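Accompanying notes for the structure given below.
Read-outs: derived from the displayed coordinates by stated rules, not from any lab. All of these numbers come straight from a predicted model, not from anything done at the bench. Glycine gets a Cβ as well: all are built from the backbone with ideal geometry, and neighbour counts include every protein chain shown.
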Amino acid sequence: MTKILEVKELQASYGEMRVLWNLSLEVNKKGEIVCLLGSNGAGKTTTLRVISGLVPPQREKGTVHFLGEDITNVEPHKRVEKGIAHIPEGRKLFPDLTVLENLKAAAYTKMARENIKDSLETVYSLFPILKERKNQLAKTLSGGEQQMLAIARGLMLRPKLLMFDEPSLGLAPKIVQKIFELIKYLAEQGYAVLLVEQNVRQSLMIGDRAYVLENGRIIKSGLCEELMEDPEIKRAYLGI
């Protein structure tokens, strides 16, 4: 079976500062939620940025395969066309465009343009509040609504892999719970998910497998239910 995503022996730097060291991870199939966990500065965001092509790996230091194809040197926009949607930390919306304009702006690939009507119906069914606010400027939305718009924008691309970077950051607990429920639902609909989160407990509760990143290195990996019972994980991340 062809894996959705396969990252092997990846190394990456910002200038002279090495950030990732021989990092390997996989997302095996549709509907799987793979969590990438760790503290601030561990290299989680950089990992997503390398996968989406925004940060180049060190020369000849690792590979990124998507649906069996080597995309290590493929341009970022072409990775999007192949089916990778990166929902970044901080949402990165167009603040002075309306909700609808943000959604339409996201649908720039050929497939997304051809299916824009169906995609809008899908995201409006998932997020009725966005339909209500479709003519409202993105900057006037609440934090939770902005996060919903960021996710909806990713879905407009009709992706095969959804990569979330800290989707719960800065949100009220009630909204955080809804975001995690949504991610679980999207996986159940067949999307493969790579989830970067500092909320380790919630991530392990909805995830299938997880990797723990520390100082740019994978220090532990396994099934989420097993990691929930790991003494080191309990002590370091769950406060138990």
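Note on segment 163-178: residues that are touching a helix residue (DSSP H, G or I) at 6+ places or on another chain (Cβ under 6 Å), surrounded by 20 or more Cβ atoms within 10 Å (Cβ to Cβ) and more than 15 Å from ALA106 (Cβ to Cβ) amount to 3.
Is it the case that GLN198 is touching a residue at least 60 places away in the same chain (Cβ under 8 Å) and surrounded by fewer than 21 Cβ atoms within 10 Å (Cβ to Cβ)? Yes: the conditions hold for GLN198.
Within segment 141-162, work out how many residues are closer than 17 Å to LYS104 by Cα, in contact (Cβ under 8 Å) with a residue 60 or more places away in the chain and in contact with a Leu (Cβ under 8 Å, 6 or more places away or on another chain). Adding up the residues that qualify gives 5.
Taking the options LEU100, LEU37, name whichever one is within 15 Å of the chain's Cα centre (by Cα) and not small (Gly, Ala, Ser).
Only one candidate passes the filter, namely LEU37.
Would you please name the residue that is nearest to GLU81 (Cα to Cα), looking only at residues in segment 57-68 that are over 18 Å from the mean Cα position of the chain (by Cα) and in a loop (DSSP other than H, G, I, E, B)? Show your work before the answer.
Step one: filter segment 57-68 for residues over 18 Å from the mean Cα position of the chain (by Cα), giving 57-63, 68.
Filter once more, keeping what is in a loop (DSSP other than H, G, I, E, B): 57-62, 68.
On the way: PRO57: 20, GLN58: 24, ARG59: 24, GLU60: 24, LYS61: 24, GLY62: 22, GLY68: 15 Å.
Taking the candidates together, the pick is GLY68.
Across segment 42-95, the qualifying residues are those that are of a type in the set (Gly, Ala, Ser) and in contact (Cβ under 8 Å) with a residue 60 or more places away in the chain, and the one among them that is nearest to LYS3 (Cα to Cα) is GLY68.
For segment 141-162, the tally of residues that are crowded, with 20+ Cβ neighbours inside 10 Å and either under 16 Å from ILE87 (Cα atoms) or within 14 Å of the chain's Cα centre (by Cα) (or both) stands at 15. Going through segment 74-125 one residue at a time, which ones are closer than 26 Å to LYS29 by Cα, among the hydroxyl-bearing types (Ser, Thr, Tyr) and in a helix (DSSP H, G or I)? Selection gives SER119, THR122, SER125. Just name the residue that is surrounded by the most Cβ atoms within 10 Å (Cβ to Cβ) out of those in segment 11-55 that are among the polar types (S, T, N, Q) and in a loop (DSSP other than H, G, I, E, B). Only one residue fits best here, namely SER52.
Condition check for ALA138 on (1) in contact (Cβ under 8 Å) with a residue 12 or more places away in the chain; (2) surrounded by fewer than 21 Cβ atoms within 10 Å (Cβ to Cβ); (3) of a type in the set (Gly, Ala, Ser); (4) closer than 21 Å to THR98 by Cα: one failure, at (2).
Looking for something touching a helix residue (DSSP H, G or I) at 6+ places or on another chain (Cβ under 8 Å) and buried (at least 21 other Cβ atoms within 10 Å of the Cβ) - is there at least one such residue anywhere in segment 115-122? Yes, there is a match, as at least one residue in segment 115-122 is touching a helix residue (DSSP H, G or I) at 6+ places or on another chain (Cβ under 8 Å) and buried (at least 21 other Cβ atoms within 10 Å of the Cβ).
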